[in-house]
Amino acid sequence: MSLTTLLDRLTPGGRVFLPGSAGEPAGLLEALCAPGAPPLDILSSAVPGINPVPLDRLPDGSRFTGLFAHPQTPEVRARGVFRQLPLSYGGFVKHLGSCPPFDATVVHVAPPDAEGRCSLGPSVEFTELAVRRSRRVLAVVNPRIPALPGSVSLPLSGFAAWVEQDAPLRGYDVGAPSDQAAVIAGRIALFVPDGATLQVGLGKVPDALMRRLEDRRGLRLFSGLLSDGARLLAERGCLAGGAPHTACVALGSPDFYRWLADRPDVRVAGCDTTHAAARLAALPRFVAVNSAVSVDLLGQANLEMLDGRMISGVGGAADFARAAAIAPDGISIVALPSVAGRESVSRIVPRLDGPASLPRHDIDVIVTEHGAADLRGLDMAARARRILQVAAPQHCESLAAALAETLARL
């Protein structure tokens, strides 16, 4: 059975869940745009930059709903094809529990084991939750998916139809190291003690941070995702033994996926586990590190909007930042370069021009290449002055004037 034939099993106009990240089967979204493909009401965890979504080529009558903003042409906007849900991963777990049932969920799995079960491998996310809410499950069976002992598996007998496909998994390449990222990572590392439980995302700063933690011992990883940096820490002896290192997605290079197959200490779980508020707040020495588009002098962060355009979503950052901020020995860190646009635009701003993706009470420390602003225990005026100290020097005068105006109103 071909991928196109598999998708012919979908009912025109039906509600369908499609996994994102490494859970997206190669060619699936393209197949949904093929001539004769049915229009569908799609809910997906597709991530921009990882899972390109051809919104402009979806059949007439289609709707695509996701957690992150995706590039849209004016025509796509006029057609109303795309809809973004302003939910964190934890909030999306709740949404899946109460939304109408799906006609089908398409899963991406490893070949069946001796017991006839197919591993979801490096990407569980919301897939198991969606399967529970689906009338049918359609499967793409891929021998390149590592059958991780610590991942979720589904019975082959439970699939209404399935197709074999030998294709690369979606991956992630952080690119060349950056001197600026290394400086920021060095400042973050000062807040990560031995025995910490660490959450980081994707990007140059998280990758550089892993390299700066090579002298730490007893680290535990509990994150939305794990990437090649987790392998580096494991090979340097930095990770605690006997404890599962947990994420809802493992996303990285082909070598990373092959390495995962032999790691019984890596657990890939659903977001109902990895983003559960009570579980996160109970993690020992929990250090959450997230990035931002901008932060303001009130200490709140925008993760989603740039120049009036939605470019992303809050993802799991809100869940992790909140948990770290309220954990007795936790710390919530937001890290970002101080400038953008060849240093002409400050990313420390008087007031956010986008949503407050992370409120000020969920951020303990703001880190740039100019320093770390530890905001814990400070009042509003002292917080603002400390944030000003990590802004780019060329923008400090205008920011100080804006700060004086803000403080005059308090």
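The values are calculated or read from the model by the stated rules, or taken from the named source; none is laboratory data. Bear in mind the structure is a predicted one, so any value in this text is a computation, not a measurement. All Cβ positions, glycine included, derive from the backbone under ideal geometry; neighbour counts span all protein chains shown. Each accessible area value is taken on the protein alone, full model and side chains, heavy atoms only, with ligands, DNA and RNA left out. Shrake-Rupley method; radii C 1.70, N 1.55, O 1.52, S 1.80 Å.
Odds and ends about this structure:
- A simple packing score, the average count of other Cβ atoms within 10 Å per residue, orders the peptides 306-312, 9-15, 352-358 as 352-358, 9-15, 306-312, with the highest score first.
- Cut-off under 5 Å, modelled amide H: who pairs with residue 335 long-range: 290, 291, 292, 367
- The range 1-152, accessible area per residue, ligands and nucleic acids excluded (1.4 Å, Å²): 39 Å²
- GNM result for the chain, Cα springs below 10 Å: residue of 183, 287, 107 fluctuating most strongly: 183
- Relative contact order (%) - criterion: Cα under 8 Å, at least six apart; region: the chain: 14 percent
- Take the range 285-391 with all the other protein chains still there, run a 1.4 Å probe, and you get 39 Å² of accessible area per residue.
- Normalising by residue count, the range 15-71 has a Cα convex hull of 73 Å³ per residue.
- Bridges between two residues of the chain, per DSSP, are antiparallel at a rate of about 25%.
- Taking only the alpha carbons of the range 40-183, we obtain Rg and Dmax values of 17.3, 52 Å in that order.
- Kirkwood hydrodynamic radius computed over the range 307-372 comes to 13.3 Å, based on all pairs of distinct alpha carbons.
- Placed amide H near residue 196: partners under 5 Å, 5+ positions off or other chain: 220
- Net charge of Cβ neighbours under 9 Å - reference residue 104; Lys, Arg +1; Asp, Glu -1: +3
- Rel. contact order, % - alpha carbon contacts under 8 angstrom, at least six apart, the range 1-121: 27 percent
- Portion, in percent, of the accessible area of the chain that falls on carbon or sulfur, probe 1.4 Å: 52 percent
- Solvent-accessible surface ranking, highest first, for 94, 204 at 1.4 angstrom: 94, 204
- Model label sites at residue 1 and residue 400, defined 7 Å from Cα along the beta-carbon direction, differ in position by 6.9 nm.
- Sorted from longest to shortest, the spans of the Cα atoms of the range 116-172 along the three principal axes equal 32, 22, 21 Å.
- Here the contact order of the range 260-410, divided by its residue count and restricted to Cα pairs under 8 Å and six or more residues apart, works out to 24 percent.
- Between residue 279 and residue 351, the FRET efficiency estimated from the beta carbon spacing at R0 = 25 angstrom works out to 0.15.
- Solution diffusion estimate, µm²/s, Stokes-Einstein, the range 263-410, Kirkwood Rh from C-alpha pairs, 25 °C, viscosity 0.890 mPa s: 153 µm²/s
- Cα-Cα P(r), the range 161-215, percent of pairs per 5 Å interval: 4, 17, 24, 17, 11, 8, 6, 6, 5, 4, 0
- Note on the chain: with a GNM built from Cα contacts shorter than 10 Å, the maximum mean-square fluctuation among 78, 277, 373 falls on 78.
- Each helix, a run of at least 4 DSSP H residues, gives -39500 (n - 2.57); summed and divided by the residues of the chain, these come to -7000 deg cm²/dmol at 222 nm.
- 3J(HN,Hα) along the range 7-20: 6, 5, 6, 7, 7, x, x, x, 7, 10, 9, 10, x, x Hz, from the Karplus curve 6.51 cos²θ - 1.76 cosθ + 1.60 with θ = phi - 60°, whole Hz, x for Gly and Pro.
- Most mobile of 49, 97, 377 in a GNM of the chain (Cα contacts under 10 Å): 377
- Pairs of alpha carbons in the range 221-261 whose separation is greater than 13 Å (percent): 52 percent
- At q = 0.06, 0.12 Å⁻¹, base-10 log of I(q)/I(0) for the chain (Debye sum, equal scatterers on each alpha carbon): -0.25, -0.97
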